[in-house]
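The values are calculated or read from the model by the stated rules, or taken from the named source; none is laboratory data. No experiment lies behind these values; they were computed from the predicted model shown. Positions of Cβ are generated from backbone atoms using ideal geometry, with glycine treated the same way; all protein chains shown enter the neighbour counts. Please note that ligands, DNA and RNA were not included when accessible areas were found on the heavy atoms of the full protein model with its side chains. Shrake-Rupley method; radii C 1.70, N 1.55, O 1.52, S 1.80 Å.
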Amino acid sequence: MNSSRRSSGLLPISVIVLAKNEEAQIGETLASLDRFAEVTVVDSNSEDRTAEIAVTHGARVLQFSWDGQYPKKKQWSLEHVKTDLQWILLLDADETPTEELYSDLNQVLQADSGSYSAYDLPLRYRFAGTVLRHGHKVTKRSLLRAGKCHFPDVGDELVPGIREVEGHYQPEVDGNTGRLSGAILHNDQDPVSSWFDRHNRYSDWEAHLRLKRDVRTAVAQRRTRQGQLFDRVPFKPAAFFLYSYLFRAGFLDGRAGFDYAFALSAYYWQIGVKTRELQRSGLDIH
């Protein structure tokens, strides 16, 4: 964004949006970010109009081409998106701030004394057309103080499933991490089939981690406390469904709440099936 936009009373936060072939949604996402001083789209050489649409919304666009080595996309973005602002908000192309989060961000900026180097933000999911307000909750370390956070090399470059983007773990922080109550909306408008396609790939990654002990340990150490706990739970598919649908009252979201809890339970079952298959194949587990 140019200097006139930077000086026009907008939030002095540099937003980084990770994208690849997101022409159907990138415009809506960028329109929701018009209260921020800087917005940069880091695009993975999209084959559609993602970059063109981003430019029309006033965003900077950087192209990322993964070479199979570290850094992956999030860390590369932190290194290559240049800003003199203190805070970075790292988002996927289908993630948008809620009004509650905007309010929290204003408070963080007004009270910023340098005590915190990152903030964990709750993620509110849209699943099968319904915004879920109950059930399983996820947090993402998405608000990062510039120069104080990084995604380390956990050694998963050759692990299939999740390739160019860091997997399900949090960045390391030099300093204290706070937590906000305002949420990011994971505004997934793709058909449910795309959710299953993604989680099929994610389960490949998770299954291979279970046979790569050093990589699994490195990833587990960088997950949230909840993620670390779930990683050790026995009978995870059944336990997760009971936790999400009953204990966390996912049933209050109606049919979508049931479908989401069941789908994630099936995802954990899928990880187990794939892990056992890899074990039978004799894959080196070290």
Simple spin-label estimate for residue 131 and residue 28 in nanometres, 7 Å along Cα-Cβ: 1.2
The chain: proportion of alpha-carbon pairs further apart than 30 angstrom, %: 32
Cβ-Cβ FRET estimate between residue 233 and residue 69, R0 fixed at 35 Å, reported to 0.05: 0.55
Separation in nanometres of the label points that stand 7 Å from Cα toward Cβ, at residue 138 and residue 56: 3.0
Gain in span if fully extended, residue 110 to residue 252, counting 0.36 nm per residue against the direct Cα distance: 47.5 nm
Estimated inter-spin distance, residue 263 and residue 176, nm [label 7 Å along Cα→Cβ]: 3.8
Accessible surface of the stretch 107-227 [probe 1.4 Å, protein heavy atoms]: carbon and sulfur percent: 44
Between the stretch 136-178 and the stretch 248-273, the Cα center-to-center distance that results, in Å: 25
The stretch 1-84 shape via C-alpha gyration tensor axes, a/c threshold 1.5: oblate
Using a Förster distance of 35 Å, the FRET efficiency for residue 276-residue 49 (Cβ separation, nearest 0.05): 0.25
Restricting the stretch 233-286 to trypsin sites (Lys or Arg not before Pro) in coil, as DSSP defines it, with at most 16 other Cβ within 10 Å: 248
Highest-MSF residue in the chain out of 138, 81, 233 [GNM, Cα springs under 10 Å]: 233
